[in-house]
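What follows is one structure encoded as C-alpha cells, with my remarks underneath.
The values are calculated or read from the model by the stated rules, or taken from the named source; none is laboratory data. Everything quoted here is computed from the prediction, not taken from an experiment. Positions of Cβ are backbone-derived with ideal geometry, glycine not excepted, and every protein chain shown enters the neighbour counts.
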Amino acid sequence: MSKSFAVLILLLLLLSTVNVGAQVNKDSGISKLESHVLDPLFWKHESGLGPALSFGMTSFDGIPALNASFKIPFSKYFAFNLRPFYIPAISSDSGTVSLGGRLEFEVRTRPMFNFLRIYLAAGPQFFWGVHGDGKGEFDWSGGWELGIEVFYFPAGSVWFEVGTGGGTVVDAGSGPTIGTGFRFYPFRKKD
C-alpha cells in the first residue's frame with residue numbers, strides 16, 4: 001500500500017508542474033521562467049467553476065480505498081459532494097471487500113490567485129461488506145476532511161486531504177484519513 005500511495009503522490013506532483021500554455025504577453029518583460037509561476041494569473045477564466053468529477057486514493061487508518069467524487073456546487077463557497085469508496089481488501093487475513101460512500105457538505109474558498117483552493121467537508125458515511133469475513137455487515141458513521149486543491153489549468157486540479165473517518169466494516173479503518181487525486185470540471189461554466 002505505501003509504495004503505490006507514494007508513487008501516486010509523486011505522479012500527481014509531477015503532473016501538477018506541467019505547463020498547459022500560458023497567456024503571457026511577450027511584451028510584458030517577463031522571462032519564460034517567471035511566466036510559469038504566473039500562469040494562473042493570466043488564465044482567461046476563473047478556476048474550479050461548475051460541477052466536478054474526481055478520482056483518487058484515500059487511506060482509512062492505513063487501509064487503502066479507491067474513490068470517486070461528484071461535486072455539485074450551489075454557490076462559489078458551498079457544495080455537496082457524493083463520494084463512493086471501494087476498499088479492495090481490508091486485510092489479507094479476512095479478505096473482506098467493502099463498498100461505501102459519504103455525502104458531504106463542503107465549505108470552500110474561491111481559488112486564490114486562480115491557483116489554490118482550501119476546503120473543509122464533512123458528512124455521514126456508510127460501508128457495506130460485499131466479500132470475505134465482513135460480507136453482509138453494514139456500518140454507519142461519519143467523516144470529515146480538510147483539503148487543498150491546486151489547479152494546473154482552469155478545469156483541472158490535484159487535491160490533497162487529511163481528516164478522520166468513522167471506519168468500515170469489521171471494525172477496521174476508524175481514525176485518520178489521508179488522500180490525494182485528480183479533479184476535473186467537465187461542465188465548467190464560464191465566468
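Here are some notes:
- Residue in the stretch 142-154 that is buried (at least 20 other Cβ atoms within 10 Å of the Cβ), in contact with a Pro (Cβ under 7 Å, 6 or more places away or on another chain) and more than 16 Å from ASN81 (Cβ to Cβ) present: yes
A quick yes/no check of all residues on (1) modelled with pLDDT of 90 or more; (2) assigned to a strand (DSSP E or B):
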residue: VAL37; (1), (2): no, no
residue: SER47; (1), (2): no, no
residue: SER54; (1), (2): yes, yes
residue: ALA68; (1), (2): yes, yes
residue: LYS71; (1), (2): yes, yes
residue: GLY95; (1), (2): no, no
residue: SER98; (1), (2): no, yes
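- Residue within the stretch 80-92 that is farther than 24 Å from ILE118 by Cα, part of a helix (DSSP H, G or I), out of contact with any Gly (no Cβ under 8 Å at 6 or more places or on another chain) and modelled with pLDDT under 70 present: no
- Taken together, THR180, THR164 contain a single residue that is within 22 Å of GLY62 (Cβ to Cβ), β-branched (Val, Ile, Thr), assigned to a strand (DSSP E or B) and in contact with a helix residue (DSSP H, G or I) (Cβ under 6 Å, 6 or more places away or on another chain), which is THR180.
- Screening ASP133 against (1) more than 17 Å from GLY101 (Cα to Cα); (2) assigned to a strand (DSSP E or B) leaves a single unmet condition, (2).
- Residue satisfying condition, being of a type outside the set (Lys, Arg), more than 18 Å from GLY50 (Cβ to Cβ) and surrounded by 18 or more Cβ atoms within 10 Å (Cβ to Cβ), within set ALA89, ALA79, ALA65: ALA65
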